[in-house]
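Working notes for the structure below.
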Amino acid sequence: MSDTMKAATPWHLWAVGVISLLWNAFGGYDFVMSVTQGETYWRASGMTDAMVAYYNAMPTWMYVPWVLGVWGAVAGSILLLMRNRLAAPAFALSLIGAVVSLGYGLANPMPPLPEAMAMMSYMPWVIAAIAAVLAAYAWTMGKKGVLS
C-alpha cells in the first residue's frame, strides 16, 4: 500500500507499542547493566554466589541470541510505533533470540534460586511468549496494511 492508502492506525497499536517499548527498554537496561557492571549489578539485584557464577560461565556465543532478543525487541517496538513494516522482522529476530536463550537455559539449568527470586525461573518462558505475541501482532498489522 502507498502512504496515501495506508490503513488507519487502530488504537491498540499505540497501546501495544508503548507497553512493548517499556517492557523491552527494561530488557535493554538489564543488558547494558549486565555487560558494563556484571557481577556488581547482579549482586545488587540479589543474585546468590551460585547465580553469579552461572552467569559468569555463560559462553561468549550466547551473547548473539541475547543481543538479538533484547535489541531486536527494542527496535521492533520503536518500528511498530513508527508504523514501519520492519517491526515484524525485528520482532522475529527477537523471538529467535528468546527461543535460543530458553533452549540454552533448559540444557544448562540455573542453580537453585532463593525463594524471593523463584519467579526468575519462569522468566525465560514469559519472555519467549511475549516475543512470540509481539512478532505475531506486528506480522498481523503488516498484513492488514497498518505498517508500511
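The values are calculated or read from the model by the stated rules, or taken from the named source; none is laboratory data. Predicted, not measured: the structure shown is a model, and the values here were computed from it. Methodologically, a virtual Cβ is constructed for each residue, glycine included, from the backbone with ideal geometry; neighbour enumeration extends over all protein chains shown. These accessible areas exclude ligands, DNA and RNA; they are computed on the full protein's heavy atoms, side chains included. Shrake-Rupley method; radii C 1.70, N 1.55, O 1.52, S 1.80 Å.
Residue pairs, Cβ under 9 Å, 6 or more apart or interchain, first in the range 47-65 and in a helix (DSSP H, G or I), second among the aromatic types (Phe, Trp, Tyr). List them.
Every condition considered, the pairs that remain are 51/42; 52/42; 55/42; 56/42; 62/104; 65/104.
Pick out the one residue from 15, 57, 92, 53 that is surrounded by fewer than 14 Cβ atoms within 10 Å (Cβ to Cβ), farther than 23 Å from residue 117 by Cα and out of contact with any Pro (no Cβ under 7 Å at 6 or more places or on another chain).
On the way: 57 fails: farther than 23 Å from residue 117 by Cα; 92 fails: surrounded by fewer than 14 Cβ atoms within 10 Å (Cβ to Cβ); 53 fails: farther than 23 Å from residue 117 by Cα.
Result: 15 is the single residue among 15, 57, 92, 53 that is surrounded by fewer than 14 Cβ atoms within 10 Å (Cβ to Cβ), farther than 23 Å from residue 117 by Cα and out of contact with any Pro (no Cβ under 7 Å at 6 or more places or on another chain).
If you go through the range 109-125 one residue at a time, how many are within 20 Å of the chain's Cα centre (by Cα) and surrounded by 12 or more Cβ atoms within 10 Å (Cβ to Cβ)?
The total comes to 7.
Any residue in the range 28-44 that's under 18 Å from residue 69 (Cβ atoms) and in a helix (DSSP H, G or I): show its pairings with residues that are open to solvent by 50 Å² or more (accessible area, probe 1.4 Å) and among the aliphatic types (A, V, I, L, M) at Cβ separation under 8 Å, as long as the two are six or more apart or on different chains.
31/67
Collect the residues in the range 81-107 that are of a type outside the set (A, V, I, L, M, F, W, C) and free of Cβ contacts under 8 Å to residues at least 40 places away in the same chain, keeping them in residue-number order.
Hits for the range 81-107 are 89, 97, 101, 103, 105.
Consider residue 65 carefully, then state whether it is surrounded by 15 or more Cβ atoms within 10 Å (Cβ to Cβ) and either under 22 Å from residue 111 (Cα atoms) or among the aromatic types (Phe, Trp, Tyr) (or both).
On the way: surrounded by 15 or more Cβ atoms within 10 Å (Cβ to Cβ): yes; either under 22 Å from residue 111 (Cα atoms) or among the aromatic types (Phe, Trp, Tyr) (or both): yes.
Criteria met by residue 65.
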